[in-house]
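*Asks:* Structure incoming, see below.
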Amino acid sequence: MRPIRLIAAAFAAIAMLASGLAAAQQPIKVGMSMPQTGSLGAGGKAALLALQMWVEDVNAKGGLLGRKVEFIVYDDQTNPALTPGIYTKLLDVDKVDLLIAPYGTVPTAPIMPLVKQRDLLLMGNFSFQVNRTVKHDKWFNNAPWSDAASWSDGFIGAGQKLGAKTIAFLAADQEFAQNLANGARELAKKAGLQTVYDQNYPPATVDFSSMIRAVRAAKPDIVFVMSYPNDSVAIVRAVNEIGVGDSVKLFGGGMVGLQFTPIMESLGSSLNGIVNYNTYVPGLKYPGVEEFLQRYAKKAVEAKVDPLGFYLPPFNYAIGQMLEQAITATKSLDHKVLADYIHKNEMKTIVGPIRYGPDGEWASPRVVQAQFRGIVDKNTEQFRQPGKQVILHPEQFKTGEVVAPFEKVRGK
Amino acid sequence: MFSFELLLEAILFGVLLGCFYAAVSIGLSVSFGLLDVPHVAHPAIMVFGSYCTYLLGLYGLDPIVAGIVLMPVFFLLGVGVYRFYYESFEKRGTEAGVRGLAFFFGIAFIIEVGLILVFGVDQRMAQAPYIGTSLSIAGYRIPYRLLVAFGVALVLTAALTIYFSKTFLGRAIKAVAQDEPALRLMGANPVRIKQWAFGIATGVSALAGAMLIIVGPVEPSLDRLYIGRTFCVVVLAGLGSMTGTLAAGLILGIAESIVLTLFGASWAPAVAFGLLLIVLGIRPQGLFGR
Amino acid sequence: MKYWIGAAVILLAAVGLALSGINEYFFFAGYVVLTFVVLATAWNILGGYAGYVNFGTPAFFGLGAYSAAVLFKALGAPLLLQIVAGAVMGGLLGFGVGLLTLRLRGIFFAIATVAVIFIMETLMVNWRYVGGATGLQLLRPPVPEPFDSYTRMLFVVMALMAVVAVSVARYVQVSWIGRGLRAIRDSEEAAECSGVPTLRLKLFACVVSGALMGAAGAPMPMYLSFIEPASTFNLSYTIGALGGAIIGGMSHWLGPIVGAILLGSLQQIVTVTVSGEVNVLVVGVLLVLFVVAAPEGILGLFRKRTLARRK
């Protein structure tokens, strides 16, 4: 071969290698919006910290596929109107490689058509049934529920054990609460319960005294509430202020926000007697979760967010773990390849092993229903003790039986 | 789900709430009803008062006390705002036109967004021993916060009614509303009087803001809903009538409460605005208007 | 004639941009700016020419958006039909509100328009078919040739709508209708006495203004693939329309264009780099400044400077 051709070939090879290396040095961009203010803000900030911990952990181990991970996040203020614009910006301006959904059903619902039409992988973040109508095949939810039954069976079951015959529904008019309410109504009917009150309220409602009065007048055995943090707090305060009546045996079920530490602390003894859902309470032994929570607690105190971090952070860290597992196994960032992998394989995370159904939800749900007991005011550390939230469901984790009637347990 | 007892309770709550609505509308009754200032920023100033109350509360001040303390500060603020408005618009004769309305609308937005930038979009509540507890009477449970607001509102309305009918300055304000040239001929300076009146209206808004945060949590965009409630009360009352304000407030409060109980929370925001449209359509001069 | 050549050039430029390879986000942001051009122009027909302040832009805009969404959900209606429906509903609402309140003083009309916003929003919140307060997810139909994406197509559609709106405003301004509206603005009593049909003219302006705003709202559900009441009926549309017209200049059809492009671009830049709230603050401050110090808007300032130079 003539020398000039050899040199040209060598140059070409070096150029290709250099550009390949340059591309390899480009960080992998993971983008999302997270509600850091607004109704879900308190939970969002804790979840964000967990994701940032994952990014640090992964980069400390050398990154993914030899590239560092760069995390781009915006605040959507729990406002569903902002997320389409934010995710369009993430895709077209920031040019991210991977998407994580915002925490919560309400901010996530508007971007489902967008990701389906662009055929992108979306890692869900504690939404409920948000893929129901769009039916996107590249959606994977990190939350331990699947359909309404996975959520309400435990709650309604506890009520039936107490001999309940009638039920009242109080649901916010937003995507999460309505999805849950629609499912729960069906299940209540199947269980033979009679609905004596059924009210949807606008998400911005702050005064619930008239609704609580109406609930009291209807004299239900079970009150199934589906609410977001701001309304959950307002409802608990209203119940505390004017009472919900002696007939009520079971109260709660789907109240988001009663798992956030700042809210638990500020409501204090008003929580007693409420039976509500959770994803993790002290006592549940998932592999690696307790070690994570210890590391998290130190960082949370510095960052001034939820110091206990029970509800969201472990599951957000799990999102990172799932991405890491899929990317490392397939050695690819292609969304279709990753989606196929997650559909077919068991994901190993600090909240246990996860297998996905065809709709992108957990094949084996693990929603906990627990009753608050013996809570005192202004004490954050008490929630670390197992007995403060008595697990009623699922059977394999049960630590106690439900106590009723509701007002009596509260000592009022 | 309908029961007579429930309806009675609704009316009771409506009366308590209605008096509160009257009290928060009194400031507008003076500034718009008497002085003809297109003051769409009145609810925004009131919400600003709520946040000031919240701030003082962080230092341990009871909300009512905070409201009273803020009154003179807001009085001065009102005097300043009116002076600016007069110099920029009224003097040149283009008051209730596009510019005046746009001016106050811009002010309202600036206040609202300013509050978001400083406090964020999250709700704020006041702390007091009477917030969160209720009075048990005859099987009903009435939240103390509503009773407190009701009491303060009554006192405020009574005080202002007496002021406007018995004191010299108060009567001068009413005179300036009715017949400004005549007042000028009698040697009084109408601009100074109007300034004073606007100051009173704004000072009252401080206390109204304190009551607002007692009755429930506040967040910066709350002023939008209260534009409807305050203007509904003022228009229904008839411009310039103090006792009319109380009556109109009660009507609105009871109407809202009944709709809330019978039809649900999703219809409640429309009651004030719907009533306003009805009044404007059928009897724009209101119940007691001049 | 010059005007129509200019309009054609703008339309061609819009299509050219849409077919070029510019970043997709430009069209996402540009659509919003063009929407504000339409809204400010529409607002000005009643607000600038006649002097009646309409705070209720979101009501008309939102009604247009929801009409389009309903037609799309029920019948799969094409975009053109959605826009026509939005315009019709907006015009009807304008007629209703006008009839109810245009006999009263200016401020009562303004307050009534605020009331209409909240009532419209409450109606949508209580209507399960459009999703109530939860909102509705909508899947866009496939993009027609030759556009690469739906957003690009919407950008061109909105550019066309802007040209239509400005043409309507220009016609109203120079015709006898505009003279009558100006007479009303300067002194309604004098106009009445001179035989100007004030109520009919005001109603006309209200209907046209409302129809244009409704048309501007119609493509919104397709733009976001989602619609819900709180953001659709948001008061920020009021400040955008009103601010754009006042800051740009209320007496001429060029004013709202200048104002809307300025505010719209400002919004896109500030919202992305700083925050949405700072943007609203800036607009509010600009509005107050102009209303107090430069009531003729940017156009007025420009005119004063050219006049001063000529002297």
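*Asks:* Can you check what the net charge comes to around residue A:265, using other residues whose Cβ is under 13 Å from the Cβ of residue A:265 (Lys, Arg +1; Asp, Glu -1)?
*Replies:* Values: positive: A:378, A:384, A:388; negative: A:306, A:377, A:381.
Neighbourhood net charge equals 0.
*Asks:* OK, next. Give the cross-link partners of residue B:194 among the lysines, using a straight C-alpha distance below 26 Å as the criterion and excluding same-chain residues fewer than 8 apart.
*Replies:* Within the straight-line limit of under 26 Å, residue B:194 reaches these lysines: B:91, B:166, B:174.
*Asks:* Where does the charge balance sit around residue C:298 when Lys and Arg score +1, Asp and Glu -1, over other residues with C-beta under 14 Å from its C-beta?
*Replies:* Counting the neighbours of residue C:298, the net charge comes to +2.
*Asks:* Connecting C-alpha atoms closer than 10 Å in a GNM of chain B, tell me which of B:240, B:60, B:18 has the biggest fluctuation.
*Replies:* Ranking B:240, B:60, B:18 by mean-square fluctuation puts B:60 first.
*Asks:* Using 18 Å as the Cα-Cα cut-off, could you pick out the over-long pairs in A:61/A:331; A:285/A:378; A:68/A:138? If you can, show how the numbers build up before the last one.
*Replies:* On the way: A:61/A:331 16 Å; A:285/A:378 27 Å; A:68/A:138 24 Å.
Going by Cα-Cα distance, A:285/A:378; A:68/A:138 fall outside the 18 Å limit.
*Asks:* Cα to Cα, under 19 Å, and not fewer than 8 places away if on the same chain: which aspartates and glutamates meet these conditions relative to residue A:249?
*Replies:* The reachable aspartates and glutamates, counting only those whose Cα sits under 19 Å from residue A:249, are A:153, A:198, A:221, A:241, A:401, A:407.
*Asks:* Starting from the 7 Å offset along Cα-to-Cβ, what nm value, one decimal, do you get for the label separation of residue A:7 and residue B:59?
*Replies:* 8.1 nm
*Asks:* Note down the nm distance, to one decimal, between modelled labels 7 Å out along Cα→Cβ at residue A:336 and at residue B:154.
*Replies:* 7.5 nm
*Asks:* Mind checking which of C:57, C:27, C:208 is farthest towards the positive end of the stretch C:2-234's charge dipole, using Cβ charges of +1 (Lys, Arg) and -1 (Asp, Glu) about the Cα centre?
*Replies:* C:208
*Asks:* Lys and Arg at +1, Asp and Glu at -1: add these up for the other residues within a Cβ distance under 14 Å of residue B:188 and post the number.
*Replies:* Around residue B:188, the surrounding residues sum to +3.
*Asks:* Take C:263, B:154, C:79 and order them by how many other Cβ atoms sit within 10 Å, fewest up front.
*Replies:* B:154, C:79, C:263
*Asks:* Order these by the 10 Å Cβ neighbour count, fewest first: C:206, B:19, B:232. It would help to have the intermediate numbers written out before the result.
*Replies:* Details: C:206 28, B:19 22, B:232 31.
Starting with the residue having the fewest Cβ neighbours, the order is B:19, C:206, B:232.
*Asks:* Here's something else I'd like to know. In degrees from 0 to 90, rounded to the nearest 10, what is the angle of the helix A:335-344 Cα long axis to the longest principal axis of chain A?
*Replies:* For A:335-344 against chain A, the angle is about 50 degrees.
*Asks:* Can you give me the angle between helix A:148-161 and the longest principal axis of chain A, using Cα atoms only, in degrees from 0 to 90, rounded to the nearest 10?
*Replies:* Compared with the principal axis, the helix lies near 20 degrees.
*Asks:* If I require 30 Å or longer along the helix axis, counting alpha carbons, and a Kyte-Doolittle average no lower than 1.0, what helices from chain B are left? Use full DSSP H segments.
*Replies:* Details: long enough: B:4-28 (36 Å, 2.00); B:63-88 (35 Å, 1.40); B:98-119 (31 Å, 2.29); B:144-166 (33 Å, 1.53); B:190-215 (37 Å, 1.34); B:242-263 (31 Å, 1.78).
Both cut-offs are met by B:4-28, B:63-88, B:98-119, B:144-166, B:190-215, B:242-263.
*Asks:* With +1 on the Cβ of every Lys and Arg and -1 on the Cβ of every Asp and Glu, and nothing else charged, how large is the dipole of the stretch B:60-121 about its Cα centre, in debye rounded to the nearest 20?
*Replies:* Details: 4 positive and 5 negative charges, 48 e Å.
With only Lys, Arg, Asp and Glu charged at Cβ, the dipole is about 240 debye.
*Asks:* What residue among B:11, B:278, B:107 has the largest mean-square fluctuation in a Gaussian network model of chain B, using Cα springs under 10 Å?
*Replies:* B:278
*Asks:* Taking other Cβ within 10 Å of each residue's Cβ, how do A:67, B:283 sort, fewest first?
*Replies:* Lowest count first: B:283, A:67.
*Asks:* Give me the percent relative contact order of the stretch A:272-412, please, defined on Cα pairs under 8 angstrom at least 6 residues apart.
*Replies:* 30 percent
*Asks:* Using only Cα atoms, tell me the angle between helix A:41-60 and the longest principal axis of chain A; keep it within 0 to 90° and round to the nearest 10.
*Replies:* 30 degrees
*Asks:* Right, another one. Cα gyration tensor of chain A, axes a ≥ b ≥ c as square roots of the eigenvalues: rounded (a/c below 1.5), prolate (a/b > b/c) or oblate?
*Replies:* Prolate is the answer for chain A, as a/c is 1.5 or above and a/b outweighs b/c.
*Asks:* With +1 on each Lys and Arg Cβ and -1 on each Asp and Glu Cβ, and nothing else charged, work out how big the dipole of chain B is about its Cα centre, in Debye to the nearest 20.
*Replies:* Approximately 680 debye in magnitude.
*Asks:* I would also like to ask the following. Give the residue from B:85, A:392, C:270 lying farthest towards the positive end of the charge dipole for the protein assembly as shown; charges sit on Cβ (+1 for Lys and Arg, -1 for Asp and Glu) and the dipole is referred to the Cα centre.
*Replies:* B:85
*Asks:* Still on this structure, I have one more. Efficiency by 1/(1 + (r/R0)^6): what FRET value for residue C:73 and residue C:103, r their Cβ-Cβ distance, R0 = 41 Å, to the nearest 0.05?
*Replies:* Computed FRET efficiency for residue C:73 and residue C:103: 0.60.
*Asks:* Tell me the label-point distance for the pair residue B:138, residue B:175, using the 7 Å Cα-to-Cβ offset, in nm and rounded to one decimal.
*Replies:* Each label point is offset 7 Å from its Cα along the Cβ direction, giving 4.7 nm.
*Asks:* Sticking with this one: Taking the alpha-carbon distance from residue A:135 and a cut-off under 15 Å, which aspartates and glutamates remain once sequence neighbours fewer than 8 residues away in the same chain are dropped?
*Replies:* Within the straight-line cut-off, residue A:135 pairs with A:119, A:147, A:359, A:361.
Rule-based calculations on the coordinates, nothing more; no lab input. The structure displayed is predicted, hence computed values, not measured ones. Please note: Cβ atoms are built from the backbone with ideal geometry, for glycine as well, and neighbour counts cover all protein chains shown.
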